[in-house]
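Below you'll find the structure, written out as structure tokens, and then a few comments.
What follows draws every value from the coordinates through simple rules; no lab data is involved. Values in this document were obtained by computation on a predicted structure and should not be read as measured data. Ideal geometry is used to build each Cβ from the backbone, glycine not excepted, and the neighbour counts take in all protein chains shown.
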């Protein structure tokens, strides 16, 4: 995978204890990378990072992404070559309750990472992950492109749009030219997969309720999202890191990573498909009476990633749901060796991507 680019390279993942961060860390370890992680805490109970026992396999640094001195110390100690920045306050509804924390973490934390990259003599390439919520969402039916307007109405989306502006500023000011460090941003949303127990997230809410024989409460069954299995966008992040690290892509580019068009489905279709894997699973709608508005329709155009990176999603909607549901079924029924099961899912996904001609899964040199 990825032409063995990551083998023996020093890779720093911020937010490595989170849902996407833990899967990315596991995949990097499978690729032979020497991985360090920087994160403040375990974000949920249970926590995928802990379930997989990843603390035994990485240099695990505990610190706040808002603390520049602590982050800078990790850069000096570990001397990373590749950076994946995922540390964030990731919940839209929480951003209404804690807007300052959200902006300080998502904007200030991103600036701290960029400044550490600027000051580092070891870093060659950095992938800074934001969100599909960075766009000003007017709920049109076509996908947002990378040059569409930034800035959502909610604090979370606004913080991600602001982070994108900061990334572009650093790229234009400090990371230009052929010999400089390479930095790019990545935008993805509505990532689902095993090991996610995040607050106010659809799949965790479902499996938590169904595993206890309860019905799940749904706020907006007709909200439409680009659901994608966690390994889909992570393959894009990893492939972007390869191209940046091999100087095949200039700094300052932003890329959307999203699923095939048939995977863009409303909440009720996702839940009904998940129900196939859970006996007596039930759900009901209770409308949200709070002011915490969320988007009804949001999807991405990924033509740029296909054109410039030769990247595309590999899975159908049914396959996406199957990967997710089987992980949780395994956890709740057995749960003893989720590291092995998760590694098998990476191999299964790789095999599907290779058979379908996805570029990163080929063995080209």
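Taking only Cα atoms and a 10 Å spring cutoff, compute GNM fluctuations for the chain and point out the largest among 32, 15, 245. Ranking 32, 15, 245 by mean-square fluctuation puts 32 first. Working value for the chain: equivalent-ellipsoid semi-axes of 30, 23, 21 Å, each the square root of 5 times a Cα gyration tensor eigenvalue, largest first.
By the count of other C-beta atoms within 10 Å, a proxy for reagent exposure, 132, 97, 104 are ordered fewest to most as 97, 104, 132.
Would you kindly state how much longer the chain becomes between residue 41 and residue 301 on full extension, computed as 0.36 nm times their sequence separation minus their alpha carbon distance, in nm to one decimal?
90.2 nm
Who wins for biggest fluctuation among 49, 229, 175 in a Gaussian network model of the chain, springs between alpha carbons below 10 Å? Between 49, 229, 175, it is 175 that shows the largest mean-square fluctuation. Note on segment 193-242 and segment 69-88: Cα centroid distance 27 Å, given to the nearest whole angstrom. Between residue 62 and residue 147, the simple label model (points 7 Å from Cα in the Cβ direction) yields a spacing of 4.8 nm. Extension gain for the segment residue 72 to residue 334, taken as residue separation times 0.36 nm less the Cα-Cα distance, is 90.2 nm to one decimal.
Computed over the chain with a Gaussian network model linking Cα atoms closer than 10 Å, the most mobile of 26, 40, 300 is 40. Inter-label distance, residue 55 to residue 362: 4.3 nm, where each label sits 7 Å from its Cα along the C-beta direction. Sorting the segments 262-268, 180-186, 246-252 by their residues' average number of neighbouring beta-carbon atoms within 10 angstrom, most packed first, yields 180-186, 262-268, 246-252. In this simple spin-label approximation, residue 8 and residue 122 carry label points 7 Å from Cα along the Cα→Cβ vector, and these lie 1.6 nm apart. Among 1-10, 196-205, 120-129, the peptide with the highest mean count of other Cβ atoms within 10 Å heads the list, and the full ranking is 120-129, 196-205, 1-10. Peptides 153-159, 270-276 ranked from most to least packed, by the mean per-residue count of other Cβ atoms within 10 Å: 153-159, 270-276. At a Förster radius of 22 Å, what calculated FRET efficiency corresponds to the Cβ-Cβ distance of residue 319 and residue 343, to the nearest 0.05? Working from the Cβ atoms, E equals 0.75. In plain terms, the chain from residue 355 to residue 248 could stretch by 36.0 nm, reckoned as 0.36 nm per residue minus the Cα-Cα distance.
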